[in-house]
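What follows is a short report on a single structure.
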Amino acid sequence: MNENETIPNKKQPVLALDMGSGFVKASYGDRKVKFPSLYGYREPSRLDDDIMGRSVDEKRNRIIEAVGEKAIEMQAYPTAVVLRGVSEGMPLLEKPFKALVHESVKRLDMSEQDLSSVTVITGIPYGNRSQKEELRRLVKSAIKPARCLVVSQSIGTLVCEGRSDGIVISIGQGTTEIVCYRDLRAEFGRSLKNAVDFLLFDDTTDKLTYVDIKNCKISRARVCALADLISDELDDISKMIPRQSTGKPDVIVSGGGILVDGLYHELQHRVRNANLVISQDPVFSNVLGMSRLLEIVAEK
């Protein structure tokens, strides 16, 4: 957590944000949402102006904006610009990122009163932890919560599985996180720039192909290559952990990437010195765990 923030009461309401390169995952109370991390805008057409009944002055300098699935639909217009709001777990541009945060609040049906008392907990890739303050600033300027804490994003998976120690592999859209935790602190880890985007890399692949990844053709060779990269990094990290028993340690695996057909099997085939355990909810485990983090820390 951010050392400049005091730990709020464990009953403090929490808005948990996992701002992924592919999808935003967010939770508040018993509600959770997921949508593509996309922001789009376009110039209004003549038909838009006729429908809205805009005057000439109103038409000037106006743009139509969309987020998530509606940003994808916007591509049908010739003047549309569709952007990813997040790349490798970090904001690309301030405006799209803030639009994604606002969309999370909207889809969770949060009121201004909710925001005035909420603690936001958002995740950051291990390799970008030096940029915590910038991420915190952007979230606070977007929705003005009571407070905002920035944590290593894969700690959510650890908490979601009821653990405070262990290794987590979280395979997202832009990065694969491999982090070793001890007593809920990230001791060491790596952020690999090889994840689902790596699987989809192709000169003919559209940049938004990932939205419907279940219907994508992914070569087995590419899946095997990603498994090689992840298992090699895990082996390096495992060597840094003192051996306290003869048994194999559990490694929790999460993130939507692990659901790609064949990837879990290929990882199992390569990882010899650990037991791979898939999180109960790979897609939402980070955000669900972050939503419980204050309670866990307060109890400790």
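Observations on the structure shown:
- Taking each of Lys132/Lys217; Lys34/Lys239; Lys32/Lys193; Lys217/Lys248; Lys32/Lys239; Lys25/Lys239 in turn, the alpha-carbon distance tops 30 angstrom for Lys132/Lys217; Lys34/Lys239; Lys217/Lys248; Lys32/Lys239; Lys25/Lys239.
- Average Cα contact separation per residue, the chain, under 8 Å, 6 or more apart, as relative contact order %: 20
- Cβ-based exposure ranking for Thr209, Thr176, in which fewest neighbours within 10 Å come first: Thr209, Thr176
- Residues Leu108 and Ser219, FRET efficiency given R0 of 35 Å [Cβ-Cβ distance, rounded to 0.05]: 0.40
- Exposure proxy for Asp281, Asp197, Asp165: other Cβ atoms within 10 Å of each Cβ, ordered fewest to most, give Asp165, Asp281, Asp197.
- Sequence of Met240, Met19, Met74 once ranked by neighbouring C-beta atoms within 10 Å, starting from the fewest: Met240, Met74, Met19
- Taking each residue as 0.36 nm, the span from Glu65 to Gln12 lengthens on full extension beyond its C-alpha to C-alpha distance by 15.8 nm.
- Between Ser117 and His269, the contour length at 0.36 nm per residue exceeds the alpha carbon distance by 50.0 nm.
Computed from the coordinates by the stated procedures, all read-outs in this text should not be read as laboratory data. For clarity, every value in this text was computed on a predicted model and none was experimentally measured. Here Cβ is always computed from backbone atoms with ideal geometry, including for glycine, and neighbour counts include all displayed protein chains.
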